[in-house]
1. Of all residues in the range 216-254 being away from ligand 1 (no atom under 16 Å from the Cβ) and touching an Asp or Glu at 6+ places or on another chain (Cβ under 8 Å), which is nearest to ALA200 (Cα to Cα)?
2. Tell me which residues, restricted to the range 122-139, are open to solvent by less than 50 Å² (accessible area, probe 1.4 Å) and out of contact with any helix residue (DSSP H, G or I) (no Cβ under 8 Å at 6 or more places or on another chain).
3. What number goes with the only condition from (1) farther than 23 Å from ALA200 by Cβ; (2) within 11 Å of ligand 1 (Cβ to nearest atom); (3) assigned to a strand (DSSP E or B) that TRP76 does not pass?
4. As an exercise: evaluate ASP328 against (1) without any contact (Cβ under 8 Å) to a residue 24 or more places away in the chain; (2) within 16 Å of ligand 2 (Cβ to nearest atom) and give the number of the one condition it does not meet.
5. Would you confirm whether or not the range 268-275 contains a residue that is open to solvent by 10 Å² or more (accessible area, probe 1.4 Å) and assigned to a strand (DSSP E or B)?
Amino acid sequence: MQITVLAGGVGGSRFVRGVREECARRWPDGEGGTEASVTVVVNTGDDLWLAGVRLMPDFDSLLYSLAGVNDTERGWGRAGETERVAAELREWGVGWPWFTLGDLDLGTHLARTAWLRGGLTPSEVAHRLQRRWPLGVQLIPATDAEVDTHVRVADPDELGGEREMHFQEWWTRYRATLPALAFRQRDLESARPAPGVVEAIVGADVVLVAPSNPVVSIGTITAIPGIREALAETSAPVVGVSPIIGGKVVRGMADACLTAIGVATTAEAVGRHYGARSGGGLLDAWLVDDADTPALEALEGVGLHAASAPLWMHDLDTSAALAGAAIDLGRQLQR
Ligand code: GDP
Ligand code: CA
């Protein structure tokens with residue numbers, strides 16, 4: 001059973017932990033001759049160079065969370081983190097004073113940057129970083145190209161009335177409160193999927209689209225030339241899970257991204273935005289929360305197999321149950 005997941009950081013991590021847990025419960029190693037193998041295609045649109053090091057925030061969220069070394073209270077970064085180096089960097093005026101790099105986290109960024117400088121590609125570096133902990137899944141950055149997302153915002157003080165900033169500045173410094181005019185991934189046209197990405201999608205038994213940010217996580221992954229084509233080509237069912245429950249984003253500020261691209265913050269609107277594969281879109285099936293059952297009929301109307309389940313991932317059990325519901329929806333379509 002090959003399961004391939006497209007994922008961003010926080011929603012992606014919770015979901016992938018659920019997929020890993022559900023697979024371990026359903027297909028314990030060696031029993032019944034079936035084993036599950038899980039590959040995660042990770043968003044790279046949030047990546048950036050800062051203070052001389054390469055940051056890959058969504059990849060690291062998944063890495064730390066799957067390794068069990070993440071800070072569960074804060075919801076991001078390493079557990080037991082300290083910030084002595086960040087304080088020094090602030091004194092030197094290096095980096096962004098509003099973007100704290102923890103000491104343990106900086107260790108990861110330094111290792112990554114050293115390997116990149118030594119000639120490894122980002123996906124080779126990702127492979128090395130994963131060797132430290134038994135994750136039980138394989139993480140692959142969506143692309144080896146640098147496709148860092150920039151946000152165009154209105155600014156009356158600038159020539160032309162607009163300016164552009166890195167996504168992280170818009171997201172973290174301004175908490176996504178500056179109305180975004182557009183998102184742009186740099187050098188996207190020349191980007192290619194990282195080695196193994198197309199194979200993971202085309203060779204899957206089920207492809208799952210995590211409940212991640214539809215614009216700057218899933219939107220970036222599927223905008224990389226070659227990935228949408230692989231999704232169109234795969235014989236595996238493609239099942240998406242809504243990151244929107246009852247008209248709310250659950251966690252974070254993804255609604256600001258949806259508003260910027262003219263998509264309403266509802267499970268139905270995001271399902272329509274992704275679209276049915278039968279009509280040139282991304283998905284065969286769309287899983288919404290039980291609170292959103294009134295949308296099922298309209299979603300079926302646009303060619304999606306729509307179903308509902310509890311979509312709140314409160315803990316490992318609820319995440320695993322959600323993963324199970326998504327896998328089952330895919331298997332129904334296989335038959
Ligand atoms: P980021 O990269 O850290 O922004 O994380 P992602 O791109 O993976 O997704 C963030 C989105 O995940 C949030 O805006 C929510 O819409 C969604 N999300 C977070 N927790 C849950 C949950 O428990 N259930 C569902 N269905 N969606 C969630
Ligand atoms: Ca992210």
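The values are calculated or read from the model by the stated rules, or taken from the named source; none is laboratory data. Since this is a predicted model, take the numbers as computed values, not measurements. Cβ coordinates were reconstructed from backbone atoms using ideal geometry, including for glycine residues, and neighbour counts include every protein chain displayed. Keep in mind that these areas ignore ligands, DNA and RNA; they rest on the heavy atoms of the full protein, side chains included. Shrake-Rupley method; radii C 1.70, N 1.55, O 1.52, S 1.80 Å.
1. ALA236
2. Looking only at the range 122-139, we keep the residues that are open to solvent by less than 50 Å² (accessible area, probe 1.4 Å), and these are 122-123, 125-126, 129-130, 133, 135, 137, 139.
Selection gives SER123 alone.
3. Among (1) farther than 23 Å from ALA200 by Cβ; (2) within 11 Å of ligand 1 (Cβ to nearest atom); (3) assigned to a strand (DSSP E or B), TRP76 violates only (3).
4. Here ASP328 clears every test but (2).
5. No, the range 268-275 contains no residue that is open to solvent by 10 Å² or more (accessible area, probe 1.4 Å) and assigned to a strand (DSSP E or B).
Residues checked against (1) within 16 Å of ligand 2 (Cβ to nearest atom); (2) in contact with an Asp or Glu (Cβ under 6 Å, 6 or more places away or on another chain); (3) at pLDDT 95 or above:
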site	(1), (2), (3)
THR177	no, no, no
ALA194	no, yes, yes
VAL197	no, no, yes
VAL206	no, no, yes
VAL209	yes, no, yes
PRO214	yes, no, yes
